[in-house]
Amino acid sequence: MCYDGFSFGSCEELAIGRGYDETLAAMSELITRPEDPRAADPLTVDRTLWEVHFQDVLHYLKVLELEEPLSRLSVIHVAGTKGKGSTCAFVESMLRASGFRTGLFTSPHLFDIRERFRFNGVEVPKDIFLHHFWWCWDRLQADAGPEGKMPGFFRFLTILAIRMFTAEQVDVAILEVGLGGRLDATNVVRSPVVCGVASLGYDHMELLGNTLAMIAGEKAGIFKAGVPAFTAPQPKEAMDVLLKRAKELSISLEIAPTLESYGVENVQLGLEGEHQQINAALAVALCISWACRSPPSDRIHQLQQEVARGGLPDSFLKGLASTKWPGRAEVVHDPSGRLSFYLDGAHSPESMEACANWFCSVVKAEKGGSLKGESNGTHCIEASSDVLLFNCMPKRDPQSLLPPIINTCMRTGVPLHMALFVPPYSSLISLDKRIPFNGATSDLSWQQTVQRHWESLLEGKLSELKNSTDCGGQQEGCIMGSSSAVVHSLPAALEWFRNCTSRHPHLRLQVLVTGSLYLVGDVLRLLKH
C-alpha cells in the first residue's frame with residue numbers, strides 16, 4: 001500500500017474485528033479518570049511518580065524490542081514552553097520540501113488522535129494507525145501481568161510514535177516534548193541528531209517548578225553529550241541554566257540566528273504572528289545542523305552544498321511559506337462575512353501576549369487602520385465588535401493569563417467590549433470528539449471565577465486610566481467596556497454570535513478564541529463540521 005511517498009504493508013490481519021471506535025475506547029482507558037483531581041490535564045502525574053513512570057517507558061521499549069530500532073532513528077528533539085509545536089511544524093515542512101521522508105509527533109490534537117502522528121505532513125491513515133496500535137497494545141497487554149499495568153496515555157502515544165517511525169523507516173523523526181523534558185516520555189531518545197529549546201516561560205509549575213531557572217533545568221534535560229543544541233533567545237535566568245547544563249555535557253549551545261542573518265529579507269511564513277519569526281529561526285538552525293550531521297546520501301549532499309553557499313536553500317523558503325499548524329493564529333470567517341473567529345491555543349502568560357499582539361495587528365489591518373467601532377444602539381455589543389471567547393483549565397491561573405490580553409488590547413487601541421466565558425464542550429477523558437461532554441453545563445463555578453478575575457482586572461485598568469489623556473493616541477474607543485458573561489455551553493455562545501449578526505445587519509463581530517487548545521479544537525470542530 002502506497003501513501004504519500006510511503007509504501008505500507010498490509011494491515012488487515014490486525015484490524016479484523018477491532019475497529020477505530022474500539023481503539024479509541026481502549027486508549028481512553030489510559031487517560032486519568034475524572035474522579036482524580038489530576039484529570040484536568042492527562043499529562044500530569046504526581047512529581048514523586050514522574051521518574052518511576054519515565055523508567056517504565058524504558059521497560060516498555062524493551063518489551064516491544066524497540067531499543068535497537070530507536071537507536072538508529074534520526075531524531076530532532078524540541079522542548080520549550082511556547083512555540084515548540086510551531087517550531088516542529090516548520091522543521092517538518094522544510095525537510096519535507098527538501099525531499100526527505102518525515103515523521104512528526106506532537107501534542108495535543110484538535111479533532112482526531114491521529115493528528116499527533118504525521119507522515120510527510122499528513123496524519124497517519126486509519127488502517128496504518130490501527131495496525132501499529134494493536135501491535136503495541138497486544139504485546140504490552142501480554143506483559144502487563146495480573147495487575148494489568150499499562151503505560152499512561154501520553155507515554156503510550158510516545159511508544160506508538162517510536163514504533164510507527166521506526167517501522168516505516170522515516171528519514172527523520174521530529175519529536176515535540178509533551179511536558180518538561182528531563183522526564184518526558186520522548187526523552188527516551190538517547191542520541192538525537194540535534195536538540196532545540198523554544199521560548200521558555202511559566203507553565204506546568206506544579207511539576208516543573210515555580211522559577212524560570214527550575215523550568216529551564218527540566219527543559220535542558222533533553223540535552224545529550226555529543227549532541228549540539230540550539231535555543232530561541234531566553235530570559236537571562238533561563239539562559240544561564242541552559243548554558244550551565246550544556247557546559248556540564250561539553251556540548252555547544254547556540255542562540256538560533258535570526259532569519260535576516262542569512263541574507264534574506266521578508267521571509268514569508270505560513271504561520272502568522274511576529275513571534276513566529278523566532279520559531280522559524282530556531283527551526284532553520286535545527287534543520288541546518290541536522291543536514292550537516294546526517295549520514296551521507298545524495299539528498300543530504302545536495303542540501304549541504306546549498307547550505308554551504310549561504311543564504312537559505314530554496315526548499316527551506318518553500319517549507320517555511322507552506323507550513324500549516326491548525327489552531328495557532330488561525331482565522332475562520334463565517335459565510336455571512338460579518339462573523340470571524342481568530343483562534344490561538346495560547347495557555348501561558350507569554351503565549352497569551354503573543355496571541356493578543358497577533359489578534360490586534362490582524363484586526364487593525366482588516367479595519368484599514370480605523371480603531372473605532374460603530375454604535376449599533378443595542379446591548380448585544382457595545383461600540384466595538386471585538387469579543388473574547390475564553391476558557392482555561394482549573395490548574396491554570398487566570399490572574400496571569402488575562403492581563404496580557406487586557407494590557408495588549410489597551411496599548412494597541414483595539415477595544416474588547418465583551419468577554420464570554422464557557423465551560424469545556426468535549427470530554428478530556430474520551431478521545432471520541434463526536435460525543436459532547438454532557439457534564440459541561442452542570443458546574444459553571446470555574447467560569448464564574450474566571451469572569452470575576454476578568455472584571456476585577458478590568459476595573460483596575462480603567463481606574464488607572466481615569467486621569468490619563470493618552471491611550472495610544474486613540475482615547476475614544478480604546479478603553480474597554482466591562483461587559484462579560486458566563487455562557488452555559490460553547491454551542492450556545494456560537495449561536496449567540498450568529499444571532500447578533502443576524503439581528504443587526506450592520507454589525508461585524510471579530511471573536512478572539514484563546515486560553516486552551518481544547519477550546520480552540522472544539523470551536524473549530526463546531527464551525528467546520
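All of the numbers you see were taken from the coordinates with simple rules; none came from a lab. Worth saying up front: this structure is predicted, and the values here are computed from it rather than measured. Every residue, glycine among them, receives a Cβ derived from its backbone with ideal geometry; neighbour counts consider all protein chains shown.
Around the amide H of S484, modelled in the peptide plane, lie the amide H atoms of A419, all under 5 Å away and 5 or more residues distant in sequence or on another chain.
The loop-placed trypsin sites (Lys or Arg not before Pro) in region 320-369, going by DSSP, that have at most 14 neighbouring Cβ atoms within 10 Å of their Cβ come out as K324.
Decide, for region 184-303, between rounded, prolate and oblate: order the square roots of the alpha carbon gyration tensor eigenvalues as a ≥ b ≥ c, take rounded if a/c falls under 1.5, and otherwise choose prolate if a/b is larger than b/c, else oblate. Intermediate values should be presented prior to the final figure.
Working: a/c = 1.99, a/b = 1.26, b/c = 1.59.
Here region 184-303 falls in the oblate category.
Quick one: which of K84/K244; K62/K84; K219/K247; K82/K324; K224/K244 span more than 19 angstrom between C-alpha atoms?
Values: K84/K244 22 Å; K62/K84 29 Å; K219/K247 15 Å; K82/K324 17 Å; K224/K244 13 Å.
Flagged as over cut-off: K84/K244; K62/K84.
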